[in-house]
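The structure under discussion appears below in the form of C-alpha cells.
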Amino acid sequence: MTLDATLAALAAFPDQLEAHFNAFPPALRHWAPADWEGIPSEHLTALEQVCHVRDIEIDGYHVRFRRTLAETNPTLVSIDTDALAAERAYGRDDPVAAMAAFRKARAQTLTMLAEVTPEQLARPAVFEGYGPLTLRSLVHYLCSHDQQHLAGLQWLLGKATAGAP
C-alpha cells in the first residue's frame, strides 16, 4: 500500500489553501455566520482557518509524528481548537505571515515523511478521540484534516455570499 497519492495531496495543499483563502475579499476574511450549522470544519473565520491549519501542523502533527516514531505506543492528545484560537488571538494574525509559517511547517512535514520507512509507518499509537492507529493512519488523518478546511472555506464563502447579487 503506497502513500503516493496522499503525499501528493499534502504537498499540493498549501497552494490550495492559499487560493481558497484568497477567494475571500479582505472584508470577508473575518466574517462569521450567525449560524454555523453544516460547516464541515471547525467554527472558524477564513483567517482563523489558516491560523488553525498552521498551528495543528506544528503543535499537532509534528509532535504526533515525532512521538509515534520515538516512543512505544504513545497516547497522542487532541488539541482544543477553540482554546488555541482564543489564546493565540487568531483574528489578529497577519494572513501572509500565517500562510508563510504554514508553508514552512508543511515542507518540514513532507521532509519528515520522506525519510520514514515502511516499518516506521506501521508504528502504533493511540490518538485521543480516534483510538488506536499507526503512523500511516496519522498521515491519512492529516490529509483528511486538510480537506475539511478547504471544504470549510468553501462553506464560509457560500454562506457569506448567499445574499449577494
Options A70, A100, A32: the member that is modelled with pLDDT of 95 or more, small (G, A, S) and within 20 Å of W155 (Cβ to Cβ): A32
When residues of the range 23-70 are limited to those that are aromatic (F, W, Y) and part of a loop (DSSP other than H, G, I, E, B), the one nearest to A97 (Cα to Cα): F24
I58 vs (1) surrounded by fewer than 16 Cβ atoms within 10 Å (Cβ to Cβ); (2) without any contact (Cβ under 8 Å) to a residue 60 or more places away in the chain; (3) not acidic (D, E): all pass except (1)
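Table: residues versus (1) touching a strand residue (DSSP E or B) at 6+ places or on another chain (Cβ under 7 Å); (2) at pLDDT below 95; (3) charged (D, E, K, R); (4) within 24 Å of T2 (Cα to Cα).
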residue	(1), (2), (3), (4)
E57	no, no, yes, yes
R66	no, no, yes, yes
T117	no, no, no, yes
W155	no, no, no, no
Residue within the range 88-100 that is of a type in the set (A, V, I, L, M, F, W, C) and closer than 16 Å to D146 by Cβ present: yes
Can you say whether T68 is of a type in the set (S, T, N, Q), buried (at least 17 other Cβ atoms within 10 Å of the Cβ) and over 18 Å from the mean Cα position of the chain (by Cα), as far as the supplied structure shows? yes
Is the range 31-40 home to any residue that is of a type in the set (D, E, K, R) and surrounded by 17 or more Cβ atoms within 10 Å (Cβ to Cβ)? no
Please work out which one of (1) touching a residue at least 40 places away in the same chain (Cβ under 8 Å); (2) farther than 16 Å from D146 by Cβ is the condition H52 fails and give its number. (2)
Determine which member of the set L10, L47 is among the hydrophobic types (A, V, I, L, M, F, W, C), surrounded by 15 or more Cβ atoms within 10 Å (Cβ to Cβ) and touching a Cys at 6+ places or on another chain (Cβ under 8 Å). L10
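The values are calculated or read from the model by the stated rules, or taken from the named source; none is laboratory data. As the structure is a computational prediction, the values presented were derived from the model and not from experiment. Don't worry about glycine lacking a Cβ; one is built from the backbone with ideal geometry, like all the others, and counts go over all protein chains shown.
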